[in-house]
Structure formats: C-alpha cells, structure tokens
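Read-outs: derived from the displayed coordinates by stated rules, not from any lab. All values reported here derive from a predicted model rather than from experimental measurement. Methodologically, a virtual Cβ is constructed for each residue, glycine included, from the backbone with ideal geometry; neighbour enumeration extends over all protein chains shown.
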Amino acid sequence: MKRDTFFAFASPSVAIMLLLMVVPLAIAIWLGFHYMTFRNIAAPEFVGLRNYSDVLSDPRFWRSFNFTALYTAIVVPSWVVIGFIIALFLDQVSGFVRGVYMSIFLLPFITVPIIATIMFKQLWEPSGLLTWLYQQFTSTRFRMNETSVKTLIVFFGIWYVTPFTIVVYFAGLQTLPQEMIEAASIDGAGRLQKIRHIVIPYVSSLTVFILLFSIMDSYRVFDSVYVLSGLNPQFKADTVMTYTFATAVQVQRLGKANAMAILTVIGIMVVLVPFLRLMYKEQIAER
Amino acid sequence: MDRITSRAGRRFVHFVLLSFTVYSLVPFIWTGMQSFKTVKDAFSRTPLLLFEPTLQNYQDVWIRRVPENAEAIGLGILLAAVVLVGLLLTARSLPINDRLVYGFCLAGFGLLLWAIPQLIYMQKFYDYFINTLIVTAFTITISISIGCLAGYSLARYAGLAAVVILIAALAFRALPRLAFVLPYYWIGSLLNLLDTGLLVVVSLVAVNQPFTIWMLRSFFMEVPKDLEESAMVDGANRLQSFLRVIVPVAWPGIISTALFTLLLAYNEFLLVRVLTQSNWTLPVAISRYTGNESADEITLAAAASVSATLPIIVVILYFQKHLVKGLSAGAVKG
C-alpha cells in the first residue's frame, strides 16, 4: 500500500484520536496547573504546582492508592489461577455441553458492570440470600462496614472478570499440540506433571498478555466501587479512580482531579513503557 | 489435553463445572427472583424461594399509567414484535432479497419503539432505554466505519507511521477514562454541548478507537493480499476493492468487533455520568435506584436491572461464537 493511500484510509480514525485523545490529554495537563471549580469553569486560575502538592500530601489519596494496589494484588492472581483451572476443566467436556457451560460462564462478563454490581449487591442487602446464609453460619449480623465493603469489592472483581481469563486460556488450550501431550504420556508423565511442564509453559505468553491487561484494568476499577461503596467516605474504600471522580464531582475541585488523573497516567506509563518498547520492536521486525 | 476417562474423574469434572455454574448464576437468579416479589416478600427476614410472583415491579419501572384498553394494546405490540423477530430469523430462507427484509425489520422496530409511548404513558426509564439504543447504534456505526478503514490500512501499510500509530493507540488504550473525560467535560461546558447525545457519541467513539483499530487490524491481516490485488488488476481502485472484496471476506471479524463496541457503549458508566445531567443511558439511570436504602427500591432496582440486561444477553448469546472468537483473537495477537 502506498503512503498516500495509507494516510487517506487512516485519517478519519487518526484525526478523531488526535482531536479527542491527544488534545484532551494536553488540556488535562494544562488544567492540572489551574484552580478550577464548576463556578470558574470558563476562567481557571493558574496556581502552578499547587494541585500536585495538594494531591501528594492528601492522606485520602494515598489511602485510595493503597486500596487500589491491594485490590490489584488480590484480584489479578485470582483471575489467572481460577481462569486457568476452570479452562482446564472446560477442556474436558465437548460439544453442546461445553457450549452451554461457556454461555453461562460468560454471563457476568457480558452484563453491564454497574448492573452486575447491583445484582451482586442484592445478595448482600439486609434481606439478601447471602446475608441470610452468612448469618446462619456465623450467627453474627452482616452489616456494611469498611471490611465488608472492601471484601465485597474484591469478590465482585474476581467474579466479574474471571470469564475473560477462562475464554482466553480455553482458546489457548485448543491450540495445544496433541503430540506434545502424547509424547509426555509415553514417557509416563502424570496429569499434573503434564500441566506443570507442558501446558503452563505453553500458555505463558497468554499469561503475560492477561497479566498486562488485568493490571491496567484493575488499576482503573471504578463502576463496582461506585455501587458497592456509594462513594461513602465512611467505608474508606476509595480507589484512585473513584477518589478522582469524587474530587471532581462531589468536592468540585476540577484542577486537583485533573492533577490526579495526570499522576495516574504517569504511573501507568512507567509500567507500560517497557512493554510498549517490546511491542514496537516486534512490530518493526514484523513489517 | 487428553481426556479424563475414569468414572470418578468424569464425575469430578462435572461437579466442578456445575459448582462454577451455580457460582456464576447466583446473583442473576436471586435478582430475577427479587424482581418478581412484592416489597413485603422481598424484605422477608428469611429469604423466600417460593412466593407468589407479581409483575408490579416491571410495570412500575416501565409504565407510568396503565391505559384502559391495556390488554388490546399489549397484545398488538407483542404481535408486531413477534412478527418482526420471526421475519428476522427466517430472512435467509425467504424468497425475497434478505437485505430488504432486514431493512424492513429495522424500520418496523423503529416504528414500534416510536409508537409505544404514543399509546401508553411510559416512565422516564423508557426514554433512557431509547437513548441507550440511539447512542449505541451511532457509536457502533461511526466507530466501525472509520475503524475498518484505519484497521485495513494499518494491516497493509508497512511504513514507520503505521507502527507509531499502533503503539500510540496501545498506550492510549491503557490510560484511565477520567484523564479524557474531565477535559471533555471542560470542552463540553465551554461549547455548551453537555447533556447532548452528540458529545457522548463522539467521546465514546474516540475512547474506543484504539481498541477497535487493533482488533480490526488483526482480522484484516488474516485476509490474503492476493484478493484485493486481483480485484485491482481487474480495474477496481483501492477503495472499491476494499468495500467489495475485503469487507465481505472480513465480515465475521467486523461483527466480532462491532459486538465489543456494542458492549463498550452499552456498558459505559463513568463517561456518561460526567457528561450528562438528565439525558442518561441505562447504566447511569439504574445507578440512581441504589442511592438510598428506601423500601421499594430493591425490587425496582432488580426489575430495572433485569430489564436492561435481557436484551444484551439475547444479542450476545445469539452472536456468542463471534464474541469468543474476538476474545481469543485479541489474546493470541496481543
């Protein structure tokens, strides 16, 4: 394809990304240096780095950062482990049965996140099914407090995204060369040994892919926290995203919220740049 | 992997899969049950698994005042819907050109959705539903059209510019929504575009574009180059050969991508929440039901959740193969 044709074809998409991603990002950086509320939205006041120092000395920001990190640390390994195990089991059945299981397992993932969280929360309302079960087993009352809200956020995160890893690992297992397994069987390897020495190394590139996207996505978690904590500061269950949102919408410090968003961008970039370099080299080599 | 063959082993496999099925379904089943309960039943101290179902919650969510000839109107709407769905499903085997049938059905559904509030006094929820349909339809159309052009050119052009665009898109896909949404809010309020569908659609197209072009590119790369080359030898130009030869071949991949765009647009909460004040889509509208703990809101939230989830589940299950294909394509190709 010629250069001119390429630019002609790609230009609508590139234009919209320049106009609505690159420019807004530049605006966000600019707004981060300004004091702005909903009142002086047309004329933000320049305050230099004050928003950034505000953010970095804000204990609630660090608390939300810590909870986000904790969430990521629990949820991401769970996705990988549970997804891989269920994919192995799903690989054991075939045909119609497999299709039915697959459809059911996918359900959480295709439900609107906000609605899935509301459904999940219904189980834990004072009259909910799991509230009742919990009280039967522990004979203590279940109530929404810091620990329970945080636990529910983590559980929901696991429940909601595991289908994605199941499908990815399952697709990977379908391409596993049969000869490798047969050779191992002839050598007398047991099932667990085969999984450990053949399957896990075989899907390792998928694992890297899942880890990368999972970490980025769990870092951005918003919808479920919004519903489960109701942004109530009493639960101390803010994530970086919900705190940024609360700063913008509830406290109306738009400049500070922009500074927070930019800090998040920088944080993600630090993690992402090595990967981007790798991808860049790969793409250059491929063409 | 090789199959487990022992009887106990097979039982164990099914036991695990059935347990996971229950685990996946419990919130759906419970919410479904709550949505058919009276407020009194829904608040029972011990959860009621057997109860007398009522449609009151659904009625309260959708309909403001029931008209006198409700049964006749309801039957008419149901009949029209059944005929249209029947036409859609049998379009392939009808002796008429199926595009004509699809077009007719689309127009029919549009007319039906427009007619319902003329006949029955509907709740605001219906407006949010229509809003969601419009936003989603426009987002998919625009996003896939420009995404196809870009994805195709990125699959075929070997220059450095293509690599730079792809890597930049990947970086932007990883950034948090809020980094874009707050500036959109600022721009929107300066241009007086807040609370308009236009701003929501354009923003949704933009934030999903990186994902869209990556996915479409991976599907276009599977299409052999000889195809368009032979078309071009026959005298078609690049655009003609793309539209007439490449797009039909890559169509399943385009459907997969459209399905993901559908999910992304239908699901979006944060962006719509910040950029609109009353012109909501369903996720934002439904989140309003859970704000406070007043009595009847649990059953209403349940009925609203089920109402908003059913259409999407029907669509997705119908296209499930494409969804799974898309998920694994994205995975295998990074």
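When the alpha carbon gyration tensor of the protein assembly as shown is reduced to an equivalent ellipsoid, its three semi-axes come out at 35, 33, 31 angstrom, largest first.
Cα centroids of the stretch B:183-233 and the stretch A:104-134: 33 Å apart.
Highest mobility in the GNM of chain A, judged by mean-square fluctuation with C-alpha springs under 10 Å and restricted to A:GLY48, A:GLY188, A:GLY172, is found for A:GLY188.
May I ask you to list the lysines whose Cα is less than 28 Å away from that of A:LYS2, ignoring any residue fewer than eight positions away on the same chain? Of all the lysines, those that pass the test against A:LYS2 - Cα under 28 Å, at least 8 places apart if same chain - are A:LYS281, B:LYS225, B:LYS333.
Put in order of Cβ neighbour count within 10 Å, fewest first, the listed residues B:VAL272, B:VAL13 become B:VAL13, B:VAL272. Here the residues B:MET33, A:MET119, A:MET269, ranked from fewest to most Cβ neighbours within 10 Å of their Cβ, fall in the order A:MET269, B:MET33, A:MET119. Shown for A:TYR202, B:TYR157: other C-beta atoms within 10 Å of each C-beta, ranked fewest to most, produce the order A:TYR202, B:TYR157. Computed from the alpha carbon atoms alone, the convex hull of the stretch B:150-304 holds 149 Å³ per residue.
For peptide B:184-191, the mean count of partner chain Cβ atoms within 10 Å of a residue's Cβ comes to 4. Residues whose amide H comes within less than 5 Å of that of A:TYR35, counting only those at least five positions distant or on another chain, are A:GLU45, A:PHE46, A:VAL47 (H built at 1.01 Å from N in the peptide plane). Taking every alpha-carbon pair under 8 Å whose residues sit at least 6 apart, the stretch B:199-329 reaches a relative contact order of 28 percent. Averaging the Cα positions of each part gives two centres, and for the stretch B:65-99 and the stretch A:1-49 these lie 46 Å apart. Relative contact order of chain A: 31 percent, from C-alpha pairs under 8 Å at least 6 residues apart in sequence. Across peptide A:90-98, the average count of Cβ atoms from other chains found within 10 Å of a residue's Cβ is 3. In plain terms, if you count all Cα to Cα distances in chain A and split them into 5 Å steps from zero, the share in each step is 1, 5, 9, 11, 12, 13, 13, 12, 10, 7, 4, 2, 1, 0, 0, 0 percent. In this structure, the pairs whose alpha-carbon distance is over 25 Å, taken from A:LYS121/A:LYS256; A:LYS150/B:LYS124; A:LYS121/B:LYS40; B:LYS124/B:LYS321; A:LYS194/B:LYS325, are A:LYS121/A:LYS256; A:LYS150/B:LYS124; B:LYS124/B:LYS321; A:LYS194/B:LYS325.
No solvent, one uniform scatterer per C-alpha: report log10 I(q)/I(0) for chain B via the Debye equation at q = 0.07, 0.16 1/Å, two decimals. Taken in order of the listed q values, log10 I(q)/I(0) reads -0.41, -1.46.
In terms of its C-alpha gyration tensor, the stretch A:210-269 comes out oblate, because a/c is 1.5 or above while a/b does not outweigh b/c. One Cα centroid belongs to the stretch B:117-150, the other to the stretch A:202-222; the line between them spans 31 Å.
Across peptide B:62-69, the mean count of Cβ atoms from other chains lying within 10 Å of each residue's own Cβ comes to 0.
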